[in-house]
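S.K.: My questions all concern the structure below.
The values are calculated or read from the model by the stated rules, or taken from the named source; none is laboratory data. Values in this document were obtained by computation on a predicted structure and should not be read as measured data. No Cβ is skipped: glycine too gets one built from the backbone with ideal geometry, and neighbour counts run over all protein chains shown.
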Amino acid sequence: MNDIVSGLTQAVRLIATLDANLVEISLRSLQVTLSATVIASALGLPLGAWLAVSRFRLRRVVIATLNALMGLPPVVVGLIVYVMLSRSGPLGVLGLLFTPTAMIIAQVIIITPIIASIAHQAIRELWADYHDLLISLHTTRAQRVATLLWDSRRALLTASLAGFGRAIGEVGAIMIVGGNIDHATRVLTTAIALETAKGDFAMALALGFVLIGLALAINLALHVLSGTERGSRW
Amino acid sequence: MVTNLLPLRITDLELRRAGRRILGPISLTLEGRGITVVLGPNGSGKTSLLRAMHGLERLSAGRIDWACGEAVARARQAFVFQTPILMRRSVLDCIAYPLVLDGVGRRAARAAARAMADSVGLTGVALDAPASVLSGGERQKMALARALIRQPQILFLDEPCANLDNASTREIETVLLRESARGVRIVMSTHNVGQARRLADEIVFLFAGRLHEAAPAREFFAGPATPEARAHIAGDLPT
């Protein structure tokens, strides 16, 4: 209990004094996670919509695989990305290992199936409602996908936020591919892991509270900006 | 205006669901102008026939041939569903949607949508409000405006007034008569004999998935050819 109170106090102190280290790793956390969320949304949302409106032979297999990949173990993803980016790996020439870019790549792989699966579910329901109308209006497949993405944008925001939530709290993969290097690849989650390993539970908890606060702030900001709770009868 | 689209020839059309025949075989030719009413009790296959003509159903047998070819015909027709399909958009954006699909700029499309809303009697409604706040009659007018905004040559309507009160029904019928007078070929279904009498130039009577009679409305009501049609007009059949 003492650790929790102490952690909370320390969190307030770190934020109030705008601790340079805290600001740096928080900004890096946001940079990595937001980049990964934007890239994964750009891939996952159209993929979800395309799966909803398309009929092809292995469609069910693809959807089942996508759903299964939602539970992809981050450590395994980290390991695979590590092997691919390591000097002896096929992409080693790019020199990306132990950089924020490598962390973004790992997070994109982890959260794209989550975003695509949730998007597919939401868009499939809307497609059932719109099917006859869009066929009747002689729409192309691209027009259908665009219409469904636009009209289910609020549900898709939830899909992206689910991906963001998973990414910002992720530690296993980015620890492996980022290396938790001070002033280079250290982010909030890897810093928490480090402080815990050092036995500084108060600092670890303080960083944890900051992490939770950041996640909440981003979610609230996006909901307010997108007007999710306005015009609730759309 | 419609001479190059019609005649529409339906030959031995059949629809099956789960091995059961729900419609056909039907052979029918639609030509000329005016309003064709597909009449019959519930479950007679009216909706299925309209959907098949519009290309929304995969035929189990038979064929549908437009004079101008299917691709051209599909682009020049519109469909109003019995239950209006509401998009998660404002009333105005729902009406403008077909024009936006055609590449018309949003401002021009919304201006045309506003004029079309006015022309179908969608007045006193906040056009920038979500379509879901509309009443039943207003929703059907919105769907009609959306169907008309591309200026189709053929308009299909599936029981457009089935759930509407008398005032809304009259307003919709007024719009249909006006559009027909302007040269839009209208094909609509109803089980309402009164509505068929008020609107139809031609009647296609279906019963239990079969075509019983296709005749000019005056002839049909003066002397229906089958006992089922006679009974339906007399109100003897359950609907």
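S.K.: Picking from A:R141, A:R154, which residue would you name as being modelled with pLDDT under 95 and surrounded by fewer than 17 Cβ atoms within 10 Å (Cβ to Cβ)?
M.R.: Answer to the selection: A:R141.
S.K.: Give me a count of the residues in region A:89-114 that are within 19 Å of A:L66 (Cα to Cα) and out of contact with any Lys or Arg (no Cβ under 9 Å at 6 or more places or on another chain).
M.R.: Of the residues in that region, 6 qualify.
S.K.: Checking A:P113 against (1) of a type outside the set (A, V, I, L, M, F, W, C); (2) within 30 Å of B:R74 (Cα to Cα); (3) at pLDDT 95 or above, which single condition isn't satisfied?
M.R.: (2)
S.K.: Next question, about the same structure. Return the total of residues in region B:93-135 being of a type in the set (A, V, I, L, M, F, W, C), within 14 Å of chain A (Cβ to nearest Cβ), in a helix (DSSP H, G or I) and buried (at least 20 other Cβ atoms within 10 Å of the Cβ).
M.R.: The total comes to 6.
S.K.: Let me ask something else. Go over the candidates A:G169, A:G199, A:G178 one by one and state the one that is among the small types (G, A, S), surrounded by fewer than 20 Cβ atoms within 10 Å (Cβ to Cβ) and within 19 Å of the chain's Cα centre (by Cα).
M.R.: When all the criteria are applied, what remains is A:G169.
S.K.: Can you confirm whether region B:141-156 contains a residue that is within 14 Å of chain A (Cβ to nearest Cβ), part of a helix (DSSP H, G or I) and surrounded by fewer than 19 Cβ atoms within 10 Å (Cβ to Cβ)?
M.R.: No, every residue in region B:141-156 fails to be within 14 Å of chain A (Cβ to nearest Cβ), part of a helix (DSSP H, G or I) and surrounded by fewer than 19 Cβ atoms within 10 Å (Cβ to Cβ).
S.K.: Mind counting the residues in region A:90-109 that are over 13 Å from A:V32 (Cβ atoms), touching a residue at least 12 places away in the same chain (Cβ under 8 Å) and not in a loop (DSSP other than H, G, I, E, B)?
M.R.: Count: 1.
S.K.: Further question on the same structure: So is B:Q140 closer than 30 Å to B:A229 by Cβ and either free of Cβ contacts under 8 Å to residues at least 60 places away in the same chain or outside the structural domain of B:I35 (by TED's automatic domain parsing) (or both) or not?
M.R.: yes
S.K.: Select, from B:A67, B:A73, the only residue that is surrounded by 17 or more Cβ atoms within 10 Å (Cβ to Cβ) and among the small types (G, A, S).
M.R.: Going through B:A67, B:A73 in turn, the sole match is B:A73.
S.K.: Please verify whether A:Q107 is out of contact with any Cys (no Cβ under 6 Å at 6 or more places or on another chain), of a type outside the set (A, V, I, L, M, F, W, C), modelled with pLDDT of 95 or more and surrounded by fewer than 22 Cβ atoms within 10 Å (Cβ to Cβ), treating the condition exactly as stated.
M.R.: no
S.K.: A follow-up question, please. Of all residues in region A:112-143, which are in contact with a His (Cβ under 7 Å, 6 or more places away or on another chain) and in contact (Cβ under 8 Å) with a residue 24 or more places away in the chain?
M.R.: Matches in region A:112-143: none.
S.K.: Using the structure shown, decide if B:S48 is part of a loop (DSSP other than H, G, I, E, B) and crowded, with 18+ Cβ neighbours inside 10 Å.
M.R.: It is false that B:S48 is part of a loop (DSSP other than H, G, I, E, B) and crowded, with 18+ Cβ neighbours inside 10 Å.
S.K.: Taking the residues in region B:53-80 that are aliphatic (A, V, I, L, M) and within 13 Å of chain A (Cβ to nearest Cβ) as candidates, determine which candidate is nearest to B:V204 (Cα to Cα).
M.R.: So, considering only residues that are aliphatic (A, V, I, L, M) and within 13 Å of chain A (Cβ to nearest Cβ), the one nearest to B:V204 (Cα to Cα) is B:M53.
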